Amino acid sequence: MALKTANLMQEFGADVTIFLDLEGVRLAERRQKLDLTWGSNSPPLSEYYDEFIEGGGKIILCPHCAKSARIGDMGLKKMAEIGTMPVLGKMLIEADKVMDY
């Protein structure tokens, strides 16, 4: 739902960054297929992810969670990065809105 909502926000002109933590960091892992669906008429999660990135979205991972999941910079999908403490602070301070899923 977070990716679907992020795409909707982008359609209305928002600059959107998704912050992934805990097990969510695996969504940005290159080898993760994202072939999950919700219901019988839903496209796979990979379509929502690709639409988000193509719309200019950015993905930032919690550095502690990425380390725990053994995910490094080289294993990330396009437009995803492992955040640093300064990057996380700046992201949160400069955000117009913060949504939590």
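The values are calculated or read from the model by the stated rules, or taken from the named source; none is laboratory data. Small disclaimer: the values here were computed from a predicted structure and weren't measured. All Cβ positions, even for glycine, are placed from backbone atoms using ideal geometry, and neighbour counts span all protein chains on display. Ligands, DNA and RNA are stripped out before the accessible areas are found, and what is left, the full protein with its side chains, is counted by its heavy atoms. Shrake-Rupley method; radii C 1.70, N 1.55, O 1.52, S 1.80 Å.
Charges only on Cβ, +1 for Lys and Arg, -1 for Asp and Glu: so what's the dipole of the chain about the Cα centre, in debye to the nearest 20?
Details: 12 positive and 15 negative charges, 84 e Å.
That gives the chain a dipole magnitude of about 400 debye.
Considering amide H positions built from the backbone, and no H for Pro or chain starts, which residues 5 or more places from Ile82, or on another chain, come under 5 Å of its amide H?
Amide H to amide H, under 5 Å and 5 or more residues apart or across chains, Ile82 pairs with Leu61.
Using helices alone, what [θ] at 222 nm do you get for the chain, with -39,500 (n - 2.57) per DSSP H run of 4 or more residues, divided over all residues and rounded to the nearest 500? Mind showing how you got there, number by number?
Working: 4 runs with 36 residues, N = 101.
Rounded to the nearest 500, it is -10000 deg cm²/dmol.
Any idea what the relative contact order of the range 1-67 is, in percent, if you count C-alpha pairs under 8 Å spaced at least 6 apart?
47
Just the number, please: carbon plus sulfur as a percent of the accessible area of the range 1-86, 1.4 Å probe, no ligands or DNA/RNA counted.
Details: 3240 of 5720 Å².
With neighbouring chains kept in place, the figure for the range 1-86 is 57 percent.
Two decimals is fine: what is log10 I(q)/I(0) at q = 0.17, 0.24 Å⁻¹ for the chain, from a Debye sum with one equal scatterer on every Cα and no solvent?
Normalising to I(0) and taking log10 leaves -0.77, -1.44.
Arrange the peptides 49-60, 89-100, 26-37 so that the one whose residues have, on average, the most other Cβ atoms within 10 Å appears first.
49-60, 26-37, 89-100
For the chain, what is the accessible area per residue in Å², given a 1.4 Å probe and the full set of protein chains? The partial results should precede the final answer.
Working: 7200 Å² over 101 residues.
Using a 1.4 Å probe on heavy atoms only, each residue of the chain averages 71 Å².
Separation between the Lys33 and Lys97 pseudo-spin-labels, each 7 Å from Cα along Cα→Cβ, expressed in nm?
Each label point is offset 7 Å from its Cα along the Cβ direction, giving 3.4 nm.
Going by the alpha-carbon gyration tensor, a ≥ b ≥ c the square roots of its eigenvalues, is the range 1-42 rounded (a/c under 1.5) or, if a/c is not under 1.5, prolate (a/b greater than b/c) versus oblate?
oblate
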